[in-house]
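Computed from the coordinates by the stated procedures, all read-outs in this text should not be read as laboratory data. Since the model is a prediction, treat every value here as computed from it, not as a measurement. All Cβ positions, glycine included, derive from the backbone under ideal geometry; neighbour counts span all protein chains shown.
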Amino acid sequence: MTVAVQGFGNVGFHAAKFLSENDGAKIVCIVERDGYLRNDKGLDVAAVKSHQLETGSILGLSAPTAIPTAPAASK
């Protein structure tokens, strides 16, 4: 089973953690307000959370794909 997680706060982190550890799911994408990480081989959920706690963002972590969210268009 492959999973994409939208939001990586308390609920998103624990959902990803338990799905990967207990159910053998491969977490391939984590989406947050500032962008997303994607790795078709799977992301290390604990490493992403540790990086997020240290830096305030999931971005900047070495992953095959790390894409920042485009700034909102001004009206």
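Number of Lys pairs in the chain with C-alpha atoms less than 26 angstrom apart, excluding same-chain neighbours closer than eight positions?
Lysine pairs satisfying the spacing and distance rule in the chain number 6.
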Q. Going by alpha carbons, how many degrees (0 to 90, nearest 10) lie between the helix axis of 10-22 and the longest principal axis of the chain?
A. 30
Q) When the distances between all Cα atoms of the chain are binned every 10 Å from zero, what whole-number percent does each bin get? A) 20, 56, 19, 4, 1
Q | For segment 2-68, share of DSSP beta bridges that run antiparallel, in % to the nearest 5 | A | 60
Q | Cα→Cβ-extended label distance, 7 Å offset, between K41 and K26, nm | A | 1.1
Q. So which residue, out of V45, V11, V28, gets the largest mean-square fluctuation from a GNM of the chain using Cα contacts under 10 Å as springs?
A. V11
**Q.** Cα-based helix-to-principal-axis angle, 45-55 vs the chain, degrees rounded to 10
**A.** 40
Q) Counting pairs of alpha carbon atoms under 8 Å apart in space and at least six apart in sequence, what relative contact order in percent does segment 2-68 give? A) 29
Q. To the nearest 500 deg cm²/dmol, what mean residue ellipticity at 222 nm is calculated for the chain from DSSP H runs of n ≥ 4 alone, each contributing -39,500 (n - 2.57), summed and divided by the residues?
A. -10000 deg cm²/dmol
